[in-house]
1. Using protein chains only and a probe of 1.4 angstrom, how many square angstrom of H165 are accessible, to the nearest 10?
2. So which aspartates and glutamates pass the test for K194, namely a Cα distance under 12 Å, with those fewer than 8 places away in the same chain ruled out?
3. Please go through segment 105-200 and write out the chymotrypsin sites (Phe, Trp or Tyr not before Pro) that DSSP classes as loop and that have at most 11 other C-beta atoms within 10 Å.
4. Only sites in a loop by DSSP and with at most 16 other Cβ atoms within 10 Å count here; which trypsin sites (Lys or Arg not before Pro) in segment 164-195 make the cut?
5. Please work out whether segment 111-164 counts as rounded, prolate or oblate from its C-alpha gyration tensor, where a ≥ b ≥ c are the square roots of the eigenvalues and a/c under 1.5 means rounded, while otherwise a/b larger than b/c means prolate and anything else oblate?
6. Taking only DSSP H segments of four or more residues, each worth -39500 (n - 2.57), what value at 222 nm results for the chain once the sum is divided by all its residues, to the nearest 500 deg cm²/dmol?
7. Distances over 19 Å make up what percent of all Cα-Cα pairs in segment 1-75?
8. So with the 1.4 Å probe, I'd like the accessible area per residue for segment 9-182, rounded to whole Å².
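The values are calculated or read from the model by the stated rules, or taken from the named source; none is laboratory data. Small disclaimer: the values here were computed from a predicted structure and weren't measured. Glycine also receives a Cβ, built like all others from the backbone with ideal geometry; neighbour counts cover every protein chain displayed. The accessibility values were calculated without ligands, DNA or RNA, using every heavy atom of the protein model including side chains. Shrake-Rupley method; radii C 1.70, N 1.55, O 1.52, S 1.80 Å.
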Amino acid sequence: MKKKLNGSRIAVYCASSAKINKGYLKQAEYLAEDFIEKNVKLVFGGGKTGLMGHLASKILASDGQVQGVMPNFLKDIELHHPLVEDFIFVETMSERKKLLMKDTEGVIALPGGCGTLEELLEVITLKRLGRYLKPIIIVNYDGFYDSLIELLSKMVKENFMRSEHLSLWTVVSSSKDALTAIENTKDWESNALKIATFKN
Ligand code: AMP
């Protein structure tokens, strides 16, 4: 059954770099439009630059809801988005990651650098262990994540993970399909630990 996202929180992991091509920025814009249309609150890293800043600015420009979570050391060098009013400041990157996924109906990874990648891999790891149960959507725009998806498949093929784990994440090729993918993806089983690994 299709989930209702109205009023929910969804985290988006995405790039801090501002030196990326326009196609990536467009992906953030499509996502912003869908957040507004479906009345979803964005939870994000709070940055003012790159895809992060662009996404938040677009949502705020349409009177949408945005929460930023940022460590103080990044605020101290003024990397926080100046228009975001709902902000949580924390001490460490670990605390930030925990709050980014807290009480969300799902998480979405847009293209990004190592920060985005580690946020994405942490949430996949937690889901495998039953510590996060909501949909994880990878926006593989222009094949950006092809090599990661291939590596994850190899992990399964070589029995480092089980075939069930291929359902930990959902791949879409455009951010236009990200919220629909969350609506259509069932939550993970809370007994996930039973299939977390191979016994022998
Ligand atoms: P990256 O994909 O490497 O640009 O990192 C983006 C992610 O890492 C964001 O979701 C943030 O949580 C964090 N991050 C890394 N660099 C910054 C920055 N300059 N400003 C804000 N957050 C950052």
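1. That residue has around 0 Å² of solvent-accessible surface.
2. E164
3. Working: sites: Y132, Y141, F144, Y145, F160, W169, W188, F198; in loops: Y132, F144, Y145, F160, W169, W188, F198.
Loop-located and lightly packed - F198.
4. On the way: sites: K176, K186, K194; in loops: K186.
Here the sparse-neighbourhood loop sites are K186.
5. oblate
6. -11500 deg cm²/dmol
7. Taking all Cα-Cα pairs of segment 1-75, the fraction more than 19 Å apart is 32 percent.
8. Values: 8230 Å² over 174 residues.
I get 47 Å² per residue for this part.
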